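The structure appears below as C-alpha cells.
The values are calculated or read from the model by the stated rules, or taken from the named source; none is laboratory data. Worth saying up front: this structure is predicted, and the values here are computed from it rather than measured. Here the Cβ is made from the backbone with ideal geometry for all residues, glycine too, and neighbour counts use every protein chain on show.
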Amino acid sequence: MGPVHGALVLMLAVAGCYAPRPPSGAACAPSGACPDGLVCSPATLTCELRAIDGGGPDVLKVDAAIDARPDASIDAPTDAAIDAAPALPLLVQQAVSFATATNQVSVTLPATPGAGHVLVMIGGGPQAPLDSVSGGGVTWTVAARSTTEANIEIWFGVTNGSSSTVTISLVGNTGQLTIAVSEWANLASTNLLDASRIGTNVSSPASVSAVTTTSAPELVLFGVGAFGASTWGMPSDGPWTAMTKVASSVGQAEWYRVVTAPTTLAPSVTENGGSWDAALVSLRGLP
C-alpha cells in the first residue's frame, strides 16, 4: 500500500471514530423516524436531542404523575406537621356548689367529661383539710392545699369519662364546704403536675410566692378562699381569666391563664373579706 493510499485510509478511520453528533432541527420523516441519536419532538415535529411535548392531554397526565410522586406526598404533610402550633390547654366546662354543716358536698358538670381530659377541683372548708375527693371517673391527687384560715385546696386527675359528679368529703364538718370543678382538654396524661405554691394571711391582698413554670404550654390555676369575700379584683402577673366564683360566707374565687413559654408568676389579688388562703398550681399541656 502506497503512502497516499495509506493516509486516505487513516483519515477515513478517524472520521468513522469521531463522527459529529447528528444535527438537530430537521423535519421528522413521515413515519416519525429520525437519525440515530435524535428523537421526533411532538411539539415541533423536528428531530431533536430530547422530545418536547406539546401540552396535550398526555402531557397533563405526565405532569400530574410527577406532582403526585411519593416524595411530594410525604414532604407536604411533614412540613404541615412541623409548622402546626401545639394545641393549648382548653376549658371545656365548669360547675360550683357549697353546703354548710355537712360531711360532703357534690357538684355535677353540665355534660359527661371526655375520656382522657383532666378534671380539677378547687375548694375546701375552714374547719380542716378535706378527707377525700371522689367521683368524676378520676383517681384524685392533691396538688396544693393551704389550711390556715378560710382554707383552699386544688386536686386533679385524668378522667375515664364515666361520671360527671364530683364529691368532696370532711367527716364531722360543722362549717361550710365549697367546691368548683372544671374539665380541661389538651393537658398531659402523665407527669401532669409541674409546680405549686400556697399562701395565707389575715388581710388583703391574697397572694402566693413566686413559681417558675418549666415547660410549655402550661395551664396555671390560682384559687383563693376568704372569709366573707364577695368582691374580687383581678390577679397580677396576668392576663388571667376569671372562672365561676362561689359566693357564700366563705367566698371562693378562681382564675386561670395559659403560658406558652417558661414563666415566673407571683400573683396577688385584692378581696374585701378578711383572712384568706391561696393556692397556685401549674399543669403541663401537650408537648
Search result, residues across region 252-287 that are buried (at least 18 other Cβ atoms within 10 Å of the Cβ) and without any contact (Cβ under 8 Å) to a residue 60 or more places away in the chain: 253, 255, 257, 259, 265
So residue 209, is it touching a Ser or Thr at 6+ places or on another chain (Cβ under 8 Å) and assigned to a loop (DSSP other than H, G, I, E, B): no
Flag if residue 162 is in contact with a strand residue (DSSP E or B) (Cβ under 6 Å, 6 or more places away or on another chain) and in a loop (DSSP other than H, G, I, E, B): no
Selection status of residue 173, in contact with an Asp or Glu (Cβ under 8 Å, 6 or more places away or on another chain) and more than 30 Å from residue 260 (Cα to Cα): no
State whether one or more residues within region 88-100 are crowded, with 20+ Cβ neighbours inside 10 Å, over 23 Å from the mean Cα position of the chain (by Cα) and not β-branched (Val, Ile, Thr). yes
Can you tell me which residue among 91, 130, 119 is in a loop (DSSP other than H, G, I, E, B) and at pLDDT 95 or above? 130
Given the structure, is residue 81 modelled with pLDDT under 75 and of a type in the set (A, V, I, L, M)? yes
Within region 233-281, how many residues turn out to be under 31 Å from the mean Cα position of the chain (by Cα) and either assigned to a loop (DSSP other than H, G, I, E, B) or over 24 Å from residue 88 (Cα atoms) (or both)? 22
Within region 205-232, the count of residues that are under 17 Å from residue 179 (Cβ atoms) and either more than 30 Å from the chain's Cα centre (by Cα) or free of Cβ contacts under 8 Å to residues at least 24 places away in the same chain (or both) comes to 3
